[in-house]
Amino acid sequence: MNTKTVAMAAIGAAMVATAAGAQSGPDAAAHDARMMWWREARFGMFVHWGLYSGLAGTWEGKPVGTKGGMEWIQQRVKADTDTYAKRAIPLFKPTPGFAKEWAALAKAAGCRYLVFTTKHHDGFALHDSKASDYDAGSTLNRDLVREIVDACRAQGLRVGFYHSVIDWHHDQYEHAKSKQLPHPLKGQPYPNGERSHAKYVDYLHAQVNELVSNYGTVDVLWWDYSAQDFQGDEAWRAMELMAKVRAKQPAIIMNNRLFRSAEAGWKSMGTDGFANSLDTKYGDFITPEQHIPATGMPGVDWETCMTLNTTWGFSEHDHAWKSDETLIRNLIDIASKGGNYLLNIGPKGDGSVPEESVKSMKAIGAWMKVNGESIYATAASPFPTLPWGRATQKGPALYLHVFNWPADGVLDVPMKADVAKAVLLAAPGAALDVKPDGAHLKIRVPAAAPDPVATVIRLDLRGAPEIDPTLKPPAAAPAKH
Ligand code: GLC
């Protein structure tokens, strides 16, 4: 980096920090420091992969469904762990190089981090665990967590561990303590008589301890999940668990899913049940699931996690793939509201990524190659809404993302500003003509959209823009995708 780029990057980082720096709680400064890379990253890859992946949404030769999370297949067919494991283990056959493919794909897509399921609700651990033999170490004689972590590091990606605190296999997990949390054997007496949930919690802590002790730096712990009727200290000894994790990984960031209360950023049990405030003692960020908040959440770090079709874990029956246009515009929409996008792939039982997902991730990557500077390290849009698209900002640069190209070749921007320069990111050599027009600016653009999905114009501004005060914010309901 030359001095100018360093100065620009510093301005950008400072803006990002201020934009999300208002979170409450005693450790706000420490929180800001550890969130720095994450706020700049803006785009990550989520991976749901485990025993359910080989089953692929099929049970006894029949599709379990064409929509919804097939990582829940054990619960959907109400199988006990022995039955489930007997069918699923032979179908879970990771090829030797699978993790390198994931990491290369994340990199090619423009993701800066990768979060993967170290253990999902079925309880099968992908590492080689001393605390359990329901794990990759015992069944495959491999440590899949190490393989994935190594592959991510080789690509320069930050790495995060999704970890389910719900566990459908453990014989001391007292699922009857919650009416709201799912379990395949819900409502039935425990087959092994009395259970001691405290023993399960010891086990949970022991496995998490392995994960944060044996794989070098872990950047994110992505907990999943709690209920209003069973959460936090009562359910998982959550505060103690978080403190133990932080003792081993001082810079790690964690989501808020060990809890399900208002002060921890939750309003209800629905996937749209997120609040727009968070005390950081309960977690560093909020995770709207399959939803993009209608407006940004100033002062709160949030990350929308989303599927490419409708399932997290692989299903051979789900063909409801989102278009590249939807995905690219979602990423822009989220960045324009100051959030991160964690976009999920569900690899098959052999670890290979469905070709539809590879195609989409690469399409996002191609767009990011040209336009990535309008996403990384940016802050939320200064406009409450824009009729033709979205915006982000970074230091003196304002990025305009045009979804609907103007038919008359003139883009109306609802602000007054002193524009030093205007260019298309796709053709940065040619300056665009900009003229003031009352409280607005008019930018002369090429007749046809250079990129019909989203063309980005960068305006280098002198001083702060004056946004048209008559612009109204969008309705407050979060958009479901
Ligand atoms: C959930 C689901 C799940 C998925 C996750 C991703 O709450 O239980 O299967 O892993 O959310 O956000």
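The values are calculated or read from the model by the stated rules, or taken from the named source; none is laboratory data. On a predicted model such as this, the values are computed, not experimentally measured, just so you know. Here the Cβ is made from the backbone with ideal geometry for all residues, glycine too, and neighbour counts use every protein chain on show.
Pick out the one residue from 333, 301, 350 that is modelled with pLDDT of 95 or more, charged (D, E, K, R) and buried (at least 24 other Cβ atoms within 10 Å of the Cβ).
301
Can you tell me which residue among 303, 234 is within 15 Å of the ligand (Cβ to nearest atom) and acidic (Asp, Glu)? Spell out the reasoning first.
On the way: 234 fails: within 15 Å of the ligand (Cβ to nearest atom).
Exactly one of 303, 234 is within 15 Å of the ligand (Cβ to nearest atom) and acidic (Asp, Glu), namely 303.
Check the range 382-394 and report whether any residue there is over 28 Å from residue 302 (Cα atoms) and either free of Cβ contacts under 8 Å to residues at least 12 places away in the same chain or among the small types (Gly, Ala, Ser) (or both). No, the conditions are met nowhere in the range 382-394. Residue 136 meets each of the listed conditions (1) buried (at least 19 other Cβ atoms within 10 Å of the Cβ); (2) within 23 Å of residue 344 (Cα to Cα); (3) within 16 Å of the ligand (Cβ to nearest atom); (4) not polar (S, T, N, Q) apart from (3). For the range 336-345, the set of residues classified as out of contact with any Ser or Thr (no Cβ under 6 Å at 6 or more places or on another chain) and either away from the ligand (no atom under 16 Å from the Cβ) or closer than 13 Å to residue 94 by Cα (or both) consists of 337, 338, listed by residue number.
Considering the range 393-465, the qualifying strands (runs of 3 or more DSSP E), each wholly inside and each with 1 or more residues that are β-branched (Val, Ile, Thr), run over 397-402, 410-413, 415-424, 434-437, 440-444.
Right, residue 325: away from the ligand (no atom under 16 Å from the Cβ) and modelled with pLDDT of 95 or more or not? So residue 325 passes the test. Contact map, the range 226-246: first residue free of Cβ contacts under 8 Å to residues at least 24 places away in the same chain, second residue among the β-branched types (Val, Ile, Thr), Cβ cut-off under 7 Å, separation 6 or more or different chains; pairs are 246/252.
Residues in the range 275-298 that are closer than 30 Å to residue 66 by Cα, modelled with pLDDT under 95 and touching a His at 6+ places or on another chain (Cβ under 8 Å): there are none. Selection of the range 22-76 for residues being of a type in the set (Lys, Arg), free of Cβ contacts under 8 Å to residues at least 40 places away in the same chain and either within 16 Å of the ligand (Cβ to nearest atom) or more than 24 Å from residue 91 (Cα to Cα) (or both) yields only 76.
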